[in-house]
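Have a look at the structure below before the remarks.
The values are calculated or read from the model by the stated rules, or taken from the named source; none is laboratory data. Predicted model, so just to flag it, every value in this text is computed and none were measured. A quick note on method: Cβ atoms are made from the backbone with ideal geometry, for glycine too, and the neighbour counts reach across all protein chains shown. Accessible surface areas use protein heavy atoms only, side chains included; no ligands, DNA or RNA. Shrake-Rupley method; radii C 1.70, N 1.55, O 1.52, S 1.80 Å.
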Amino acid sequence: MKKVITVVLAVLIAALNAYAQNPAQPTGQRRGGAGGGNPRVDMMTLVNPIEPYDSVWIEDMTLVEIRDALKAGKTTALLFAGGMEDNGPYIVVDQHGDIVRAQCEQIARKLGNALCAPVLQIAPGDPERGSPGTIVLTADVFKSVVANVITSLKSQGFKNIYTMVDHGSAQGPMTDISKTIGDQWKDSGVRVAYIKEYYNNAA
């Protein structure tokens, strides 16, 4: 049995070596990023070859689907922050993330012109303090992450970027960074705003 396995492995290794030295190339395609063959396809002009997926989540869509959604007027982006913390013995640590994922879906579909950015699962806090499952970022790091996400959304073509939170520790930093960027871009044609009404426990 060992002899058979050894022979099979030797044949496989020989075949792999031969392929590495002279791989088969499909006709009309080029290898790597250089050489002849057909030019690369421009994804910004390519007609979508498949039926668009019915989703409001940017992460679930292809580049072509997002591009077409923006062209169709879906230029509002919703950016939610959840949070991971101790919620007792019966509720998962990411309950805030679960809540905002459900809420963002409903809000985006009701608005009709919005897409949901990936949920920020980690809220601000002190990384050196916490119980099992409590994962946090310092407030400054959190604000930097939010700023980078907002900038990415603007560069893609979103014109209205609305931020919301479902965790108390995120409220202050999210408000601050949203206002700072909103003020900086007030004459750019892009609006950034923190929607405080979402996290209104009294209501």
Largest-first ordering by accessible area, 1.4 Å probe, given options 178, 144: 144, 178
Rounded percent of accessible protein surface that carbon and sulfur make up, segment 88-203, 1.4 Å probe: 53
Cα centroid separation - segment 129-203 against segment 94-122, whole Å: 14
Segment 46-114, accessible area per residue, ligands and nucleic acids excluded (1.4 Å, Å²): 55
Linear extension gain, residue 155 paired with residue 138, 0.36 nm per residue minus alpha-carbon span: 3.5 nm
Burial ranking of peptide ranges 85-91, 95-101 (average Cβ count within 10 Å, highest at the top): 95-101, 85-91
